[in-house]
Amino acid sequence: MNTEKMIEVARALGPIEAALMDIARSLQLTPSMHDEATRRYEALARHVDRPGSPLEGDVDEVYPSGSFAIHAAIRSKIKRDQHDVDAVIELVIPSETDPDLVLDRLYGAIVNTDDELYRGLTVERNSRCVTVHYSDGVTVDLMPVVRLPATPERVSKLFHHKPESGEAYTKEINPDGFARHFNQTVEISLEFARRFEARRLLVDGQLFASNPVLVEKAATQPMPEHMPLERKSPRVVALQLLKCFRDKRYRKHGDHAGQRKPPSVVMAALALDAPQVGASLTDELLTVATTMRDAIIEADRHGRLLDVRNPAYLPDQFTDRWPEDREAQRLWAADLRHLVDELKELRREGFDPMRVKRVFDDLFGATIADHVLKEHAKAQNNAVLGGASQMTPSGQLQSPATSPRHPAISGVMNAGGLGLGVGLITPVRANTSMGGEIPDG
């Protein structure tokens, strides 16, 4: 896409759309973070299968699951580049093995070692997985399973055991099947990719450069193992924003203390039920959040708990541990209602920096709120430096060719006479041009 077209795309972005794009960019794992995560869970599998390990010879395969498998992983701590990795480790052991024994053997295979790398790490035995905490804040969850014969591909049995209560059972799951189903179902949008690229070029100071660094068109390039943001489905990016919102609510709000947060896989499955709305990230986020909220309200209206199943294998119930009761699902429904109401109000108001900071601090956290304002300022500054534009006392961009009686709404003119709203004030319009699928990565 040429520069003039990019300017047109950037001009079409509304202020809250641009802000949500800036948040989404800050949440992404970098290629190096993705590669390091892959190396870690693969190295863990080899370590568990090493000579002398309690599970020597019992490790068949390891593969990513959860958000990592559907390209929806986010940085859990942006300042420290922390993130969580979920991986399934398939063991060749009898499926009727006691769950307590399976989890203990996996835990022992990691901690009982002379390897300095693993001996110095914090390892936590949980009810369904073993979590390894690395010094940089990254965690890897290894969930042991056994593949079940005569079932759809990769249907497995997980092992659940809680030592404090003695609760123990096994459960049929198919995380790989869900990941493949999700990746094949969500749609990508070339227009969505163009919007993100235009915003990136503006904030990074390249939009007016003689040779801007353009990203290859998503529709013509094979999908890499690490998926750049510009190639992700709007649905995936909206899901990432919702996860960030969820994490903040359950970490910072007193009425959420001690509550189990809605699992990411439940959110991903419900996101598939939302209608397609186009290339607007704001519209996508509002639609997915509303779909989740309405599903909970419908269940609660009938006096039952939300029941979400794996569409790739219906016996696999995603909501077997959350919600624990109707109060738990009502809490999340109220959160979603709050998110939707606040975003709609912001979109009506435009970009008032102090209002945006307060709302985004509430929704996503202080670090992200500050990031949004910094990216906003960078976009303004780069637009001024890149074109014949002026800055009004209020901080808005204005074309010098505009009459003082009819000021442009945050506009800048390039040499060709194209107005650039730079995603600050111009109202957003949804574009419904959709197409393509994300291949199984």
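Only the coordinates and a few stated rules stand behind these numbers; no lab work does. Note that the structure is a prediction, hence the values are computed from the model and not measured. When we count neighbours, we look across all protein chains shown, and the Cβ atoms used for this are built from the backbone with ideal geometry, even at glycine.
Taking the simple approach of a point 7 Å from Cα along Cα-to-Cβ for both Asp325 and Thr185, what is their distance in nm?
Spacing of the two 7 Å Cα→Cβ label points: 3.1 nm.
Which ³J(HN,Hα) values in Hz, rounded to whole numbers, follow from the phi angles of the range 175-192 under the Karplus curve 6.51 cos²θ - 1.76 cosθ + 1.60, where θ = phi - 60° and Gly and Pro get x?
x, 5, x, 5, 4, 5, 4, 4, 5, 7, 8, 5, 9, 9, 9, 5, 5, 4
Quick one: Cα centre-to-centre distance for the range 353-371 and the range 8-61, in angstrom?
Using only Cα atoms to place each centre, the spacing works out to 26 Å.
Tell me, what HN-Hα J-couplings in whole Hz come from the Karplus equation 6.51 cos²θ - 1.76 cosθ + 1.60 at θ = phi - 60° for each residue of the range 106-115, using x for Gly and Pro?
Ordered by residue, 3J(HN,Hα) equals 5, 4, x, 5, 8, 8, 8, 8, 8, 5 Hz.
Take the Cα atoms of the range 1-102, find their three principal axes, and give me the spread along each one in whole Å, biggest first.
62, 27, 23
Considering the range 277-392, what Rg and Dmax in Å follow from its alpha-carbon atoms?
19.5, 62
Quick one: if you take sqrt(5λ) for each eigenvalue of the C-alpha gyration tensor of the range 103-147, what semi-axes come out, biggest first, whole angstrom?
On the way: eigenvalues 65, 34, 12 Å².
Semi-axes from the Cα gyration tensor: 18, 13, 8 Å.
Based on the mean of other beta carbon atoms within 10 Å per residue, what is the order of 305-314, 180-189, most packed first?
On the way: 305-314: 17.6, 180-189: 19.4.
Descending packing order for the listed peptides: 180-189, 305-314.
Which cross-chain or sequence-distant (5 or more) residues have an amide H under 5 Å from the amide H of Ser76, H modelled 1.01 Å from N in plane?
Placed amide hydrogens put Gln82, His83, Asp84 under 5 Å from Ser76.
Can you list the equivalent-ellipsoid semi-axes of the range 248-293, largest first and in whole Å, using the square root of 5 times each Cα gyration tensor eigenvalue? Kindly include the intermediate steps, with their values, before the conclusion.
Values: eigenvalues 123, 31, 11 Å².
Equivalent ellipsoid semi-axes, largest first: 25, 12, 7 Å.
Of the cross-linked pairs Lys5/Lys232; Lys157/Lys252; Lys5/Lys261, which ones have a Cα-Cα span greater than 31 Å in the structure shown?
Values: Lys5/Lys232 21 Å; Lys157/Lys252 35 Å; Lys5/Lys261 42 Å.
From Lys5/Lys232; Lys157/Lys252; Lys5/Lys261, over 31 Å: Lys157/Lys252; Lys5/Lys261.
Taking the Cα-to-Cβ direction at Arg260 and at Thr38 and moving 7 Å from each Cα, how far apart do the two end points lie in nm?
Spacing of the two 7 Å Cα→Cβ label points: 3.3 nm.
Output wanted: per-residue J couplings in Hz (rounded whole) for the range 234-247, from phi through Karplus 6.51 cos²θ - 1.76 cosθ + 1.60, θ = phi - 60°, x for Gly and Pro.
So the J values, rounded to whole Hz, are x, 5, 5, 5, 4, 5, 4, 5, 5, 5, 4, 4, 4, 4.
Where does the charge balance sit around Ala295 when Lys and Arg score +1, Asp and Glu -1, over other residues with C-beta under 12 Å from its C-beta? Write down the numbers at each step before the final one.
On the way: positive: Arg293, Arg301, Arg304; negative: Asp273, Asp294, Glu298, Asp300, Asp307.
The answer is -2.
Based on the Kirkwood radius over alpha-carbon pairs, what value in µm²/s does the Stokes-Einstein equation return for the translational diffusion coefficient of the range 246-327 at 4 °C and 1.567 mPa s?
Numbers: Rh = 13.9 Å.
It comes out at roughly 93 µm²/s.
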